[in-house]
Amino acid sequence: MTSPGGRSAGGDGAVTAPSPARRPRRRGGDWRQRLEITLLSGPAILIFLAFVIFPVVMAAYYGFFKWKGFGAPTDFVGLENYATILQDPTFLDALRHNAVIVILSLVLQGPAAVILALLLNRRMRGRSIIRVLIFVPYVISEVIVGTGWSLMLQTTGAVNDLLGKIGLEGWAVDWLSDPDVAIWSLMIIITWKYIGFAVILFLAGLQSIPEELHEAAAIDGATYWQAQRAITLPLLGPTIRIWAFLSIIGSLQLFDLIYIIWGQYVAATAGTSTMATYMVVNGRNAGNYGFGNAVAVLLFLISLVIALTYQRFVLRRDTEGALTERKK
């Protein structure tokens with residue numbers, strides 16, 4: 001028993017504090033919070049469902065038909081479109097070209113962008129101008145880039161003409177039609193076009209690295225490049241992994257530059273066709289929209305599998321590090 005003052009009735013004289021009363025959960029506050037979340041996220045969810053999920057579902061539906069693009073689809077063919085795609089050597093070549101573009105984009109753009117970002121992160125004259133000049137190709141329209149490069153890389157274009165004037169006539173080749181050269185021409189254009197985005201992204205990542213770490217490394221006798229290898233690159237790892245993910249997805253969906261420069265017929269023979277160009281040529285241009293939708297579904301599934309795999313095995317350390325609460 002305890003006295004009204006809170007002391008125990010026993011002989012030990014121990015004082016027991018009264019247990020605090022639990023506050024009832026305010027259901028009204030929970031409902032208001034849910035209502036606010038619904039009102040704020042509702043429009044974005046509706047737009048996402050209307051312009052992302054719904055088109056994917058409809059593409060999957062039309063992929064089971066032989067459809068001309070107008071009227072209700074009635075000629076049901078089941079999985080015939082998908083079987084035809086997977087057995088078509090032209091599609092398999094396009095898939096292989098996409099894989100080559102993905103690998104070469106990472107190999108060529110990644111190291112070059114890191115080196116440029118490290119150099120432009122140092123204090124030097126004209127640094128701002130150089131940054132702008134590197135980033136300018138990224139913001140130029142693909143139509144302008146494709147048209148300009150296609151004119152320069154023709155057999156009678158500016159590149160071969162320049163080689164002839166400086167005495168390198170033997171280096172003049174068919175940059176767009178030769179299968180052994182066309183893929184490298186494409187990679188030069190892609191690197192020139194998109195390396196500015198990687199450089200700006202890496203520069204932003206470099207700003208988050210404390211300068212005190214480099215000063216401590218310099219005091220310990222480390223050279224500039226040793227400090228970059230031991231400090232900068234590991235701390236820049238999350239930014240590099242994000243850029244690599246964006247580069248992979250962009251390479252899988254590459255279409256506009258190839259279609260503008262090589263057109264719908266030369267791309268396949270030149271070895272630069274992709275799954276996206278295959279989809280347009282054999283779907284819309286051939287008047288078989290059901291077949292084109294099936295190609296779009298396959299492209300979506302391939303990109304989805306690669307994205308989920310990359311997130312599971314590469315981005316997992318970054319996403320877990322960004323969580324504010326540990327999983328129980």
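Relative to the Cα centre, the charge distribution of the chain, modelled as +1 at Lys and Arg Cβ and -1 at Asp and Glu Cβ, gives a dipole magnitude of about 1780 debye. Give the carbon-plus-sulfur fraction of the accessible surface of the chain in %, rounded to a whole number; probe 1.4 Å, heavy atoms of protein chains only. Within the chain, the accessible surface is 65 percent carbon and sulfur. Largest accessible area first, the residues T274, T147 order themselves as T147, T274 under a 1.4 Å probe with ligands, DNA and RNA left out.
Taking a ≥ b ≥ c as the square roots of the eigenvalues of the Cα gyration tensor, an a/c ratio of 1.5 or more together with a/b no larger than b/c marks segment 214-326 as oblate. Bridgeable aspartates and glutamates around K193 (alpha carbons under 14 Å apart, same-chain partners fewer than 8 residues away excluded): E142, D256.
When the chain is described by a simple charge dipole with +1 on each Lys and Arg Cβ and -1 on each Asp and Glu Cβ, the residue from I166, L40, A204 located farthest towards its positive end is L40. Is the shape of the chain rounded, prolate or oblate, going by the alpha carbon gyration tensor and its root eigenvalues a ≥ b ≥ c, with a/c under 1.5 for rounded and a/b larger than b/c for prolate? Judged from the Cα gyration tensor, the chain comes out oblate (a/c at least 1.5, b/c at or above a/b).
Using a 1.4 angstrom probe with every protein chain in place, what is the largest-first accessible-area order of R127, R316? Walk me through the numbers before you get to the answer.
Working: R127 65, R316 105 Å².
These residues rank, largest area first, as R316, R127.
The long axis of helix 289-313 is offset from the longest Cα principal axis of the chain by roughly 50 degrees. Here the dipole of segment 169-328 is about 840 debye; that uses its Cα centre as origin and unit charges on the Cβ of Lys and Arg (positive) and Asp and Glu (negative).
Of G69, G287, G167, the residue with the greatest mean-square motion in the GNM of the chain, using alpha carbon springs below 10 Å, is G167.
Divide by every residue of the chain the summed helix terms, -39500 (n - 2.57) for each DSSP H run of at least 4, and state the resulting mean residue ellipticity at 222 nm, rounded to the nearest 500 deg cm²/dmol. After summing the helix terms and dividing by the residues of the chain, the value is -20500 deg cm²/dmol. A dipole drawn for segment 222-328 from +1 and -1 charges on Cβ atoms has a positive end, and of N285, A270, W225 the residue lying farthest that way is W225.
Simple rule: put +1 on each Lys or Arg Cβ and -1 on each Asp or Glu Cβ in segment 137-245, find the dipole, and look at L235, H214, L153; the Cα lying farthest toward the positive end is L235.
Accessible-area rank, largest first, for T74, T232, T269, T223: T74, T269, T223, T232, with all protein chains present and a 1.4 angstrom probe. Hydrodynamic analysis of segment 74-124 uses the Kirkwood radius over alpha carbon pairs. Inserted into Stokes-Einstein at 4 °C and 1.567 mPa s, it gives a translational diffusion coefficient of 90 µm²/s. Counting only heavy atoms of the protein chains and using a 1.4 Å probe, V305 has close to 90 Å² of accessible surface. Taking the longest Cα principal axis of the chain as reference, the axis of helix 237-252 is set at about 40 degrees.
Taken per residue, the accessible surface of the chain reaches 64 Å², heavy atoms only and a 1.4 Å probe.
The values are calculated or read from the model by the stated rules, or taken from the named source; none is laboratory data. Since we're looking at a predicted model, the values are computed, not measured. With ideal geometry, Cβ positions are generated from the backbone for all residues, glycine too; neighbour counts draw on all protein chains shown. Calculation scope for accessible area: heavy atoms of the full protein, side chains included, ligands and nucleic acids excluded. Shrake-Rupley method; radii C 1.70, N 1.55, O 1.52, S 1.80 Å.
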